[in-house]
There are 6 protein chains.
Amino acid sequence: MPYVNVKITREDVTREQKAAVIEGITDVLVRVLNKDPATTFIVIDEVELENWGIAGIQTDEYRRRKAAGD
Amino acid sequence: MPYVNVKITREDVTREQKAAVIEGITDVLVRVLNKDPATTFIVIDEVELENWGIAGIQTDEYRRRKAAGD
Amino acid sequence: MPYVNVKITREDVTREQKAAVIEGITDVLVRVLNKDPATTFIVIDEVELENWGIAGIQTDEYRRRKAAGD
Amino acid sequence: MPYVNVKITREDVTREQKAAVIEGITDVLVRVLNKDPATTFIVIDEVELENWGIAGIQTDEYRRRKAAGD
Amino acid sequence: MPYVNVKITREDVTREQKAAVIEGITDVLVRVLNKDPATTFIVIDEVELENWGIAGIQTDEYRRRKAAGD
Amino acid sequence: MPYVNVKITREDVTREQKAAVIEGITDVLVRVLNKDPATTFIVIDEVELENWGIAGIQTDEYRRRKAAGD
């Protein structure tokens, strides 16, 4: 009866990719823990880049600095 | 001091329905656990059908198959 | 297909009270949103008083001050 | 390796304010718990006023009543 | 930079099974979304059976009834 | 009316440290977003090392490898 919440940055993830994430994670829970897929929920939350912080700054800024070699 | 997070699929839930969910769940916590409504939060997250997986597939696909008798 | 997460403080909530919370919240979602109980999950998390902050302080301290008339 | 989820009402929070929230919370975790900012995530969820309940009613209604002196 | 929260019932899940869940889900996110495993967090929450509701009742009761052919 | 959930690894965080985290994060939300502390909740979840994955492995294993210079 698992519930899985996947938080990722919002950046043009396609319907097909979401389907693959849902299928892939469900398969892991069935294979490893013998869970019933019928009662396995996977909920994907897409988060704006400016709403996700890492290393004390926003993700888009973080990537800019990383690309600039900081 | 409860915090309740309700995740539902996004499909034209009205303002009135949300008010009824908030009132109903708050009432349950007051009645059963004697909680103070003034410090009871209910947060509703509406999730796109393609972002919610059940049985290893997306919810809209899941309903299509079910309606088709699969 | 709702998923509900209820966070409450850990303070001797009985099995019967948890059952009543689960039944009550499920009923709200069935009645207001016409959800199917078979795919409605309610997960209760019990949180230690010292892990729950309100008004900038821990819940047990918060209650002490309130009882003392602060 | 902390993960922090901040739920606030959606009401014109600016990019700069979000940056300040991310920086401020990360600083708290570094200062108090000696966490490594490189593996500290802060995720901000903005919630519509009608999706956030307090005292058994929606936040916008709650504020209206409070402003009216109820 | 994904964050994944896996909620499962607490019932003697071994360290090895948790490792397999973490590895498997991380692999899905790397393969499907090209995410960097170094900034991919998987957090597993184990929930007591009496704290998890399905179909309006607690999970242990739900299983008892199912086993009894209800 | 913010709600903040802090997930950290469980490793002897003291009551005083938790109080400092609660106070510090509340202060950030008051200062940056002008939130009312009276309706600001901070909930800390402590997660076992073997339940937290990073880079596809459990946190304790991750630290062992890092300390070994991997």
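The values are calculated or read from the model by the stated rules, or taken from the named source; none is laboratory data. Please read these numbers as outputs of a predicted model, since none were measured by experiment. A quick note on method: Cβ atoms are made from the backbone with ideal geometry, for glycine too, and the neighbour counts reach across all protein chains shown. Keep in mind that these areas ignore ligands, DNA and RNA; they rest on the heavy atoms of the full protein, side chains included. Shrake-Rupley method; radii C 1.70, N 1.55, O 1.52, S 1.80 Å.
Provide the convex hull volume over Cα atoms per residue for chain F, in Å³.
Details: hull volume 8.4 nm³, N = 70.
So the per-residue Cα hull volume is 119 Å³.
Treating the beta-carbon of each Lys and Arg as +1 and of each Asp and Glu as -1, no other charges, what is the dipole magnitude of the protein assembly as shown about its Cα centre, to the nearest 20 debye?
Magnitude of the dipole: close to 0 debye.
Report the closest approach of any chain C C-beta to the axis of the C-to-F rotation: residue and distance, in whole angstrom.
Looking at chain C's Cβ atoms against the axis toward F, the nearest is C:D45, 4.
Label 7 Å along Cα→Cβ of B:R10; region D:41-60 residues with amide nitrogen under 13 Å?
D:46-48
Please give the helix E:15-33 orientation as an angle from the longest Cα principal axis of chain E, in degrees from 0 to 90, rounded to the nearest 10.
Its long axis makes an angle of about 50 degrees.
Provide a whole-number value for the mean count of partner chain Cβ atoms within 10 Å of the Cβ atoms in peptide B:10-18.
3
For region D:38-50, take each phi angle, set θ = phi - 60°, evaluate the Karplus expression 6.51 cos²θ - 1.76 cosθ + 1.60, and give the result in whole Hz per residue in order, putting x for glycine and proline.
Listing the rounded values in order: 4, 10, 10, 9, 10, 10, 9, 10, 9, 10, 4, 4, 6 Hz.
If you average the C-alpha positions of region E:15-41 and of region D:29-62 separately, how far apart do those two centres end up, in angstrom?
Cα centroid to Cα centroid, the span is 26 Å.
Given a 10 angstrom Cα cut-off, can you work out which residue in F:T59, F:T40, F:T14 is the most mobile in a GNM of chain F?
Answer for the Gaussian network model of chain F: F:T14.
May I ask you to report, in nm to one decimal and beginning with the shortest, the distances from D:P37 to the same position in the other copies, taking label points 7 Å along Cα-to-Cβ?
2.5, 2.8, 4.4, 4.4, 5.2
Could you report chain C's accessible area per residue, 1.4 Å probe, as an integer in Å²? Before the final figure, lay out each step's value.
Working: 2950 Å² over 70 residues.
About 42 Å² of surface per residue is accessible.
Any chance you could look up the accessible area of F:I8 with a 1.4 Å probe, heavy atoms only, rounded to 10 Å²?
Roughly 0 Å² of F:I8 is accessible to a 1.4 Å probe.
If you roll a 1.4 angstrom probe over the protein chains with everything in place, what fraction of the accessible area of region A:3-67 belongs to carbon and sulfur, to the nearest %?
Details: 1210 of 2640 Å².
Here carbon and sulfur together make up 46 percent of the probe-accessible area.
Distances in nm, one decimal, shortest first, from F:R15 to the same residue in every other copy, taking the label point 7 angstrom along Cα→Cβ.
Here F:R15 shows inter-copy label distances of 3.1, 3.1, 4.6, 4.7, 5.6 nm.
Summing both sides, how much accessible area is buried between D and E? Use a 1.4 Å probe and give Å² to the nearest 100.
500
At F:A67, label 7 Å along Cα→Cβ: distances to the other copies, nm, ascending?
3.9, 4.2, 4.2, 5.7, 5.7
How do F:43-54, B:24-35 rank on mean C-beta neighbours within 10 Å, highest first? Let's see the in-between values first.
Values: F:43-54: 20.3, B:24-35: 17.9.
Output ranking for F:43-54, B:24-35: F:43-54, B:24-35.
Starting from the Cα gyration tensor of the protein assembly as shown, take the square roots of the eigenvalues, sort them a ≥ b ≥ c, and report rounded, prolate or oblate (rounded when a/c is under 1.5, otherwise prolate if a/b is larger than b/c, else oblate). Write down the numbers at each step before the final one.
Values: a/c = 1.33, a/b = 1.00, b/c = 1.33.
Verdict is rounded for the protein assembly as shown.
Under a cut-off of 22 Å between alpha-carbon atoms, report the lysines in cross-link reach of C:K18, not counting same-chain residues fewer than 8 places apart.
Answer for C:K18, where 22 Å is the Cα cut-off: B:K7, B:K35, C:K7, C:K35, E:K7, E:K66, listed by chain and number.
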